[in-house]
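Accompanying notes for the structure given below.
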Amino acid sequence: MSEISNPQFPPSDPDPDQTLAHPAGSPGAAAGGSGRLAGAFRYALTVAGGPIAGLSFVLADGTTTIGRSPDNGIVLEDVTVSRHHAVAHLDSNGLTVEDSGSTNGTYVNGERIEGNAILQPGDEVFVGKFHLVVESGDV
């Protein structure tokens, strides 16, 4: 499982197994929901709406959990988000998201997902009241 690193920019010694959080306005932060984010990574989830709008989570290969509990790789603190809400999977085939049996569901481009949903740059993922946009990097 990935963890959120201390968001210092640039990271002094980035760990490839960690999810990096980029605050709005920092180097590597999203440029207006274009589906592209500068940086040496494959995919990121950028918060387009919600309490932490503008924050980008760079996804490492493997599994990244998403939820309200602090043991998730991406922590979204709000009662509309289940403790273990969803899981993002990144591998050689690309990026997918899967709902973890959450109360409010996980939505991709306005449709509640059942099973895995394949994600592409520009896709919109809704987890509780958080609106996330899939961004691609330079790798």
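Every number here is computed from the coordinates shown, using simple stated rules; none is lab data. The shown structure was predicted, so the numbers you read here are calculated from the model rather than taken from an experiment. Note: ideal-geometry Cβ built from the backbone for every residue, glycine included; neighbour counts use all protein chains shown.
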Net charge of neighbours whose Cβ lies under 15 Å from the Cβ of Glu77, counting Lys and Arg as +1 and Asp and Glu as -1 = +1
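Around Glu114, what is the net charge, scoring Lys/Arg as +1 and Asp/Glu as -1 over all other residues with Cβ under 10 Å from its Cβ? All intermediate terms of the calculation are to be shown ahead of the outcome.
On the way: positive: Arg112; negative: Glu98, Asp99, Glu111.
After counting each charged neighbour, the total is -2.
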Residue by residue, what Karplus-based ³J(HN,Hα) values in Hz, rounded to whole numbers, does the range 126-139 have, using 6.51, -1.76 and 1.60 with θ = phi - 60° and x for Gly and Pro?
-> 10, 10, x, 8, 8, 9, 10, 10, 6, 10, 9, x, 8, 9
In sequence order, calculated HN-Hα J values of the range 72-86 (Karplus, 6.51, -1.76, 1.60; Hz; x Gly/Pro) = 7, x, 10, 9, 10, 7, 6, 5, 7, 9, 5, 4, 10, 7, 8
Assuming a ≥ b ≥ c are the square roots of the Cα gyration tensor eigenvalues, decide whether the range 41-90 counts as rounded (a/c under 1.5), prolate (otherwise, with a/b larger than b/c) or oblate.
-> oblate
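GluC sites (Glu not before Pro), restricted to the range 56-137: which are DSSP loop and have at most 12 other Cβ atoms within 10 Å?
Glu114
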When only C-alpha pairs under 8 Å and at least 6 residues apart count, what is the relative contact order of the range 58-139, in percent?
-> 22 percent
Please work out the C-alpha center-to-center distance from the range 55-69 to the range 90-139 and express it in whole Å.
-> 11 Å
